1. Filter the range 221-279 down to the residues that are among the hydroxyl-bearing types (S, T, Y) and within 19 Å of the chain's Cα centre (by Cα) and list them by number.
2. Would you list the helices (runs of 4 or more DSSP H) that sit entirely within the range 1-112 and hold 1 or more residues that are within 30 Å of E263 (Cα to Cα)?
3. Are any residues in the range 147-179 basic (K, R), free of Cβ contacts under 8 Å to residues at least 60 places away in the same chain and in contact with a helix residue (DSSP H, G or I) (Cβ under 9 Å, 6 or more places away or on another chain), and if so, which ones?
4. Can you tell me which residue within the range 118-172, out of those that are of a type in the set (D, E, K, R) and more than 11 Å from the ligand (Cβ to nearest atom), is farthest from the chain's Cα centre (by Cα)?
5. Can you name the residue in the range 68-90 that is within 15 Å of the ligand (Cβ to nearest atom) and of a type in the set (K, R) and, of all such residues, is nearest to Y163 (Cα to Cα)?
6. Can you report the number of residues in the range 135-181 which are within 22 Å of I15 (Cβ to Cβ) and assigned to a loop (DSSP other than H, G, I, E, B)?
7. Mind checking which residues of the range 41-63 are within 15 Å of the ligand (Cβ to nearest atom) and β-branched (V, I, T)?
Amino acid sequence: MTDLDKFLEKINNNIKIEPKDWMPDGYRKHLQRQMSQHAHSEVIGMQPEGNWITRAPSLRAKVILLAKVQDEAGHGQYLYSAAETLGKSRAVYIEELQSRKAKYSSIFNYPTLNWADMGAVGWLVDGAAIVNQVSLQKTSYGPYARAMVKICKEESFHQRQGYEIISKMALGSPEQKEMAQDAMNRFWWPSIMMFGPHDQDSARSGDAMKWGIKIESNDDLRQKFIDKTVAQAELIGLTIPDKDLKWNEETKHYDFGAMDWDEFWSVVNGDGPCNDDRINHHIKAHEEGRWVREAANAYAEKNN
Ligand code: 3HC
């Protein structure tokens, strides 16, 4: 049996691929790309919510949001560490992000304008991320799958804290309800596009499915998210901004309207409302933290 045969036999028998195992270059490169972009998304995703920590409406709300943003930093660290097992350093991944060679989730290039957005982000963005990440717990690469197990446990708290925020507002004063509906209107479509292009338009899904990196397709995961979120919106009296959204008794799923892929690709390719802010802020924070990294490395060298 060739190395490739042995590799594919492991994939087909759901045996995890570990860092020291032989793997095709394409598999390694695919994972380096996806895992580092996943890590970038976690870290950049701290910015839209971090903006509201000092403006939280109560100490309880502040502490919860602080804990959530801190979790995201941790998720980024797990994922960078897992991505480094593929033979590429964190410094290189960070350079790819800062030079805009690498992507991160488009959703984080939208602004968070008020406290209702903290609810919409936790509820919809983390809710979508959970659907994707629960599926990724079964991904074929061992370190990635194991990172997902820990991350998913914390993401469910993130989704619940978001839903609590937006529920309180949706069921609050008329002004609060209006803010909650406005946040829903702005975050709904970008959230469902987090799952990526339609399967037939997905450049990466073929390899991802063949190598067991992706267990469920973009469209299947998107449908799963929509089906579970409609009831949550109805429960708090919010309207999903999609005139074509309709329960299909035959398929037992919601039919929904066309997504704006021009907007999606414009944001992915750097022309979203906040792309420049997000990268410039990351570069500034990374530079300000340089002395900490250098001190930690000096200490480690001296004491190892
Ligand atoms: N934002 C930015 N880029 C996206 C995207 C999105 N929402 N959806 C797809 N893309 C990019 C892909 O990266 C790929 O570009 P590339 O080849 O240059 O990397 C291209 O569009 C084609 O898309 P494909 O569907 O063919 O690519 P993938 O097979 O990689 O699927 C994905 C895209 C579903 C995002 C997949 O990469 C994935 O599952 N990634 C892991 C999960 C992840 O990164 N989630 C991001 C959010 S994490 C998060 O939200 C944090 C939470 O705490 C809130």
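1. Selection gives T229, S266.
2. The qualifying helices (runs of 4 or more DSSP H) are 25-44, 46-50, 59-84, 90-98.
3. R160, K168
4. Filtering the range 118-172 for residues that are of a type in the set (D, E, K, R) and more than 11 Å from the ligand (Cβ to nearest atom), the one farthest from the chain's Cα centre (by Cα) comes out as K168.
5. K68
6. Summing the residues that are within 22 Å of I15 (Cβ to Cβ) and assigned to a loop (DSSP other than H, G, I, E, B) in the range 135-181 gives 4.
7. V43, I44
Conditions (1) closer than 23 Å to S156 by Cα; (2) at pLDDT below 95; (3) basic (K, R), marked per residue:
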{"position": "A183", "(1), (2), (3)": "yes, no, no"}
{"position": "R204", "(1), (2), (3)": "no, no, yes"}
{"position": "D244", "(1), (2), (3)": "no, no, no"}
{"position": "D260", "(1), (2), (3)": "no, no, no"}
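The values are calculated or read from the model by the stated rules, or taken from the named source; none is laboratory data. Because the structure is a prediction, the values reported are computed rather than measured. Positions of Cβ are generated from backbone atoms using ideal geometry, with glycine treated the same way; all protein chains shown enter the neighbour counts.
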